[in-house]
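Enquirer: First, the structure itself, so that you have it in front of you.
The values are calculated or read from the model by the stated rules, or taken from the named source; none is laboratory data. Bear in mind the structure is a predicted one, so any value in this text is a computation, not a measurement. With ideal geometry, Cβ positions are generated from the backbone for all residues, glycine too; neighbour counts draw on all protein chains shown.
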Amino acid sequence: MSELLLAPLALLLLAGLALVSVVADRALLARAAGRRLSPAELSPWPDVARLLVQRRRTTTAPDALLWRTGGAGLLVAAALMLAVVPIGDSVIADLPVGIVWFNAMDVLLWAFVWLVGWGAASATALVGGYRYLAQALAYELPLMFALTAPAVAAASLDVREVVAAQADRWHVVEMPIAFAVFLLCVAAFSLWGPFRAPAGSDLAGGVFAESSGVDRLLLLAGRHALVVAGAAFAVPLFLGGGAGPLLPDWTWQLLKTLAVLLLLVVLRRRLPVLRPERFAEVGWVLIVPLTLLQVLVTSLIVLAEAP
Amino acid sequence: MTSDVVTTTLFVLLALVAVGFGFLVFRVDSMARATFALAVSFVAVGGILLLLDLDYLGVVVVVMMVMEMAIMAVFMIAYMMNPAGLMPMSMYHDKSRAMSVAVGTFVVLAGGALLVDWPERQGSPPADVTEQVGLGIMGSHMLVMMGIGAVILTTIVSALVLASARSRYDRLGDDLKARPARDPIRGGVGR
């Protein structure tokens, strides 16, 4: 495939899958409430249109530059994460350290989400920003170790090498903990499901509290895009990339990405919100040792299978 | 040739961003803006490292610096005067001397890099440059350094234990039997 077409294609896929996640989430919500599903209820377009024409509200003394930078940042980070996900044989950014690149993009979210909270110059939004940082301190290290395990198994930080290393056996078989922790961390950096405390309803929307109009649209779309990017990255890392019988590579990759995405959407409203200060201990006392154990087991497998 | 032009243009752009935003740190009034101006400056430095084909180093600089700046913003705002930038504030101390030292250092280093008659490369680089540099620097001292690493880590942990206001006796009582532990904020594991 032409490298030139790859970036627009990836962006289209990102938008399409984000829409799928919105519709699936609404369908689940309607079903949980026992209501009948009408197409109008499922469609995100009326809300998109409303947010696009809505006049921006503002606060007394916002730091508009930082606020807007943070607001646009979520979508940008999600798109940049996709740059190192191989589609078929090609990849947008042929970076030998793709896994670290993904890590760098999720760290950018520390700054962006906090800036959204700070820029609004509103107490609830700011508390949301601080909650995100507190949560980030608890999930970032587990995420790094969860990313380390497939890299150790493939002896490379190149995402394509990681896919190639799974020719015999998908990584998820030998590193289920790393896979589960990775999904957990995707939810955490996307303010998703149990990790929505920074945007919690107890804070009147937290970091999203004061955003309106197109700013709000960017934030909400950014959140869905981040979940999509996380799901898309889980596939080459743990689920063998495009490997699969009969169908072409890209079909399998799309199907797997869709499956991981739907899993994240289903889990979104099934789990209670975790309090950031409680999750800190869970992260450090429970998850960090578990992921370290995972890396140890992976290393032992690599040693045992070395020729 | 074109790739040379692109690389040079990118380098000049990133260098200007790095220096410009670094300078902005001292020009803006708000702690949040100062902190993230510094973060942008470091990200640009990471970009320059990427241009030098130091992929890992470049990306890691971005990871470390953005993380560090996000946490630093919290402390800057907590401890500095004029946190929200609502009042004008100068970050300079001893303005003229600080400025001359900073600009002087930059001129000396940059001038040195440009003016020194760098030697031509003799021979060719080894296959695994990273490993060779590691061996060149550390060589036979590797075991000692690994030992020192463990000692440093132990020192950090002991210092934290000594500095902590609350010990296990505060948490668990004199006979260490109080359950649940008496913590100001309960943790999530239920220790």
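Enquirer: When you look at residue A:278, is it among the charged types (D, E, K, R), out of contact with any Pro (no Cβ under 8 Å at 6 or more places or on another chain) and in a helix (DSSP H, G or I), yes or no?
Expert: Numbers: among the charged types (D, E, K, R): yes; out of contact with any Pro (no Cβ under 8 Å at 6 or more places or on another chain): yes; in a helix (DSSP H, G or I): yes.
When the stated conditions are applied, residue A:278 passes them.
Rundown of residues vs (1) surrounded by fewer than 24 Cβ atoms within 10 Å (Cβ to Cβ); (2) under 19 Å from the mean Cα position of the chain (by Cα); (3) more than 21 Å from residue A:281 (Cβ to Cβ); (4) among the small types (Gly, Ala, Ser), yes/no style:
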position	(1), (2), (3), (4)
A:130	yes, no, no, no
A:154	yes, no, yes, yes
A:166	yes, no, yes, no
A:181	no, yes, no, no
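Enquirer: Under 7 Å by Cβ, and 6 or more places apart or on different chains, what pairs join a residue from segment B:24-40 that is more than 21 Å from residue B:67 (Cβ to Cβ) with one that is outside any helix (DSSP H, G or I)?
Expert: Pairs found: B:26/B:91; B:26/B:92; B:29/B:85; B:29/B:88; B:29/B:89.
Enquirer: Can you list residue pairs whose Cβ atoms sit under 6 Å apart, with the first residue in segment B:120-149 being under 21 Å from residue B:53 (Cα atoms) and touching a residue at least 24 places away in the same chain (Cβ under 8 Å) and the second being surrounded by 10 or more Cβ atoms within 10 Å (Cβ to Cβ) and among the β-branched types (Val, Ile, Thr)? Count only pairs 6 or more apart in sequence or on different chains.
Expert: From residues that are under 21 Å from residue B:53 (Cα atoms) and touching a residue at least 24 places away in the same chain (Cβ under 8 Å), there are no pairs.
Enquirer: Quick one: how many residues across segment A:27-47 are surrounded by 16 or more Cβ atoms within 10 Å (Cβ to Cβ) and either assigned to a loop (DSSP other than H, G, I, E, B) or modelled with pLDDT of 90 or more (or both)?
Expert: 1
Enquirer: Still on this model: Looking at segment A:267-283 only, could you name the residues that are within 14 Å of chain B (Cβ to nearest Cβ) and buried (at least 16 other Cβ atoms within 10 Å of the Cβ)?
Expert: A:274, A:275, A:276, A:277, A:278, A:279, A:280, A:281, A:282, A:283, listed by residue number.
Enquirer: Then there is this: Which is within 29 Å of residue A:195 (Cα to Cα), of a type outside the set (Val, Ile, Thr) and more than 14 Å from chain B (Cβ to nearest Cβ), of A:247, A:264, A:286, A:303?
Expert: Within the list A:247, A:264, A:286, A:303, the selection yields A:264.
Enquirer: Now, a different point. Take residues that are within 14 Å of chain A (Cβ to nearest Cβ) and under 30 Å from residue A:282 (Cβ atoms) and tell me which of the helices (runs of 4 or more DSSP H) falling wholly in segment B:128-191 contain 1 or more.
Expert: Working: elements: B:129-137, B:142-163, B:168-172.
Where helices (runs of 4 or more DSSP H) fall fully within segment B:128-191 and carry at least 1 residues being within 14 Å of chain A (Cβ to nearest Cβ) and under 30 Å from residue A:282 (Cβ atoms), they are B:142-163, B:168-172.
Enquirer: So, one more: Scanning segment B:91-134 for residues that are of a type in the set (Phe, Trp, Tyr) and at pLDDT 85 or above, which turns out surrounded by the fewest Cβ atoms within 10 Å (Cβ to Cβ)? Please lay out each step first, then the result.
Expert: Taking segment B:91-134 as the starting set, the residues that turn out to be of a type in the set (Phe, Trp, Tyr) are B:92, B:106, B:118.
Narrowing further to those that are at pLDDT 85 or above: B:106, B:118.
Values: B:106: 12, B:118: 8.
The selected residue is B:118.
Enquirer: Looking only at residues in segment B:38-71 that are part of a helix (DSSP H, G or I) and acidic (Asp, Glu), which one is nearest to the other protein chains (Cβ to nearest Cβ)?
Expert: Our first condition is that a residue be part of a helix (DSSP H, G or I); within segment B:38-71, this holds for B:38-51, B:55-71.
Remaining after also requiring acidic (Asp, Glu): B:55, B:68.
Working: B:55: 5, B:68: 10 Å.
Ranking the candidates gives B:55 first.
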